[in-house]
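Colleague: A single structure is presented below for examination.
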Amino acid sequence: MSLYDEILESLEISPQRISKTAERFSHALADSSDCCGLKMLDSLFNRPAGNERGEALGLDFGGTNLRLFLVQIGGRGFRLVRDKVINIRHDRLNLDLTQSSVDGSQLFDYIAAEIGEMVDVGQDLPLGHCFSFPFRQADRNTGVLQEWTKEIKTGGVVGQDVNRLLEQALLRQGLVNIKPTALLNDTVAALLWAAYLEDRADIGSICGSGHNSSLVDGEGRIINVEAGNFHADILPINRYDTMLDHGSSNRGAQSFEKMVAGVYLGELLRLMLLDLSHETGFFPSLGLASKQLTVPNSIHSHDISSLLASGILSSGGKPVCFQPDEQERIQRLALALVKRAARLIAAAYLGIAEHLDPGLNHHHLISIDGSLYEKMPWFAAFIRTGLDEVMGERSHRIETRFLKDSSGLGAALAAIITTGP
Ligand code: BGC
């Protein structure tokens, strides 16, 4: 068997594997002493009542592109007053606040200055801070970062209360009227928002640069699963997954996320192509392209989206030249990677639904946000078919639905909840 075929085979996830992974995932959710890595962090937020109202800021800090929303919320709906994107890494401006050489105060000063540009001077506003990294909290307004994920490494933040860092930076900018009153994970914010709009939502998930899910437990509490840290023998880890892990900034952690999240898909493809370039004859152009492929993390998930849509692969912003038949094979490889990610996520969703409702007697609404789910060709469809294949006629019991901007809007809702009567 050629190396190419071997790789394709290693990426296949059979329906049996989906079921077994779901079962393993479900066990891990039920038993917190299980060593499968699910952190099950209590968000300290409950399912919303649905009658919340007010005006607030929602800051969505989920990766290198932060989103800021100013919204008025009420009547199970909202009015967007203003929003903006805050980039903390910008190649063209030579800005990178994600490196370990940068201090946390620099990072938060930059964010606070950007917030200051969007709000009216003197307006009192609570701010919900949706911070999408693992943190432990003692109350709804504080949270100590346990570790960075998704290749962010800014110094002086791990071990610190990130909401105090934000609050102090806002004060340094003279923004005394902006009060960070809530801190929550993006999956929690997404679920809070979905459950505000529709009572039935009981699972929230992010499929973007990172991956994770949250759930409403039997007592109405929203629990952040930290699904990305799931690891178990059932995961079909291949040698490229291991290579990626060894080269990552959080070696040994987030095994599941490294197979399914946008920030890693491009790197997995690059490692595979580089390996294939050593096989003579099969991919003649790969030899020439291999120089372009030696730069780690030079293929991004949006490059994979364009490859799937147009057949053209870019690395480091430049198209890599291949013959048409090679292009087709590379596309197949990328599609197999995307399919693997989606089917593993389907397994995690099934595991969560089975944990909440062992007989799957009820309807479950999984509210999903994130660029991979929204924009990656086939991704959402692969999750659906993965569920359909193993659930058969009960498949409609798990509904997956995209809800745009739910983490930012949920953060604003959280701010209103924490300041409400
Ligand atoms: C983080 C989670 C987050 C997920 C999605 C992961 O890397 O650990 O806290 O929810 O990304 O953004």
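The values are calculated or read from the model by the stated rules, or taken from the named source; none is laboratory data. Note that the structure is predicted; figures quoted are calculated from it, not measured. With ideal geometry, Cβ positions are generated from the backbone for all residues, glycine too; neighbour counts draw on all protein chains shown. With ligands, DNA and RNA removed, areas are computed over all heavy atoms of the protein, side chains included. Shrake-Rupley method; radii C 1.70, N 1.55, O 1.52, S 1.80 Å.
Colleague: I need every pair where a residue in the stretch 208-221 that is farther than 30 Å from residue 151 by Cβ has its Cβ under 7 Å from the Cβ of a residue that is open to solvent by 50 Å² or more (accessible area, probe 1.4 Å) and part of a loop (DSSP other than H, G, I, E, B), sequence separation at least 6 or different chains.
Modeller: Close Cβ pairs satisfying both conditions: 216/47; 220/47.
Colleague: So, in the stretch 34-64, of the ones that are modelled with pLDDT of 95 or more and among the charged types (D, E, K, R), which residue ends up surrounded by the fewest Cβ atoms within 10 Å (Cβ to Cβ)?
Modeller: Residue satisfying both the conditions and the ranking: 53.
Colleague: Among what's in the stretch 1-33 and is without any contact (Cβ under 8 Å) to a residue 60 or more places away in the chain and within 23 Å of residue 202 (Cα to Cα), pick the residue that is surrounded by the fewest Cβ atoms within 10 Å (Cβ to Cβ).
Modeller: My answer is 32.
Listed here are the residues, each with its yes/no results for (1) part of a helix (DSSP H, G or I); (2) closer than 18 Å to residue 200 by Cβ.
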residue: 360; (1), (2): no, yes
residue: 365; (1), (2): no, yes
residue: 368; (1), (2): no, yes
residue: 374; (1), (2): yes, no
residue: 381; (1), (2): yes, no
residue: 388; (1), (2): yes, no
residue: 395; (1), (2): yes, yes
residue: 407; (1), (2): yes, no
residue: 416; (1), (2): yes, no
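Colleague: Another question, if that's okay. Does the stretch 104-115 contain any residue that is under 26 Å from residue 52 (Cα atoms) and either more than 23 Å from the chain's Cα centre (by Cα) or open to solvent by less than 30 Å² (accessible area, probe 1.4 Å) (or both)? Working first, answer last.
Modeller: Pass one, the stretch 104-115, residues under 26 Å from residue 52 (Cα atoms): 115.
Next, from what is left, pick out any that are either more than 23 Å from the chain's Cα centre (by Cα) or open to solvent by less than 30 Å² (accessible area, probe 1.4 Å) (or both): 115.
Yes, that holds for at least one residue.
Colleague: Does residue 250 fit the bill of being more than 12 Å from the chain's Cα centre (by Cα), within 11 Å of the ligand (Cβ to nearest atom) and not aromatic (Phe, Trp, Tyr)? Don't jump to the end; show me each part of the working.
Modeller: Working: more than 12 Å from the chain's Cα centre (by Cα): yes; within 11 Å of the ligand (Cβ to nearest atom): yes; not aromatic (Phe, Trp, Tyr): yes.
For residue 250, the condition - more than 12 Å from the chain's Cα centre (by Cα), within 11 Å of the ligand (Cβ to nearest atom) and not aromatic (Phe, Trp, Tyr) - is met.
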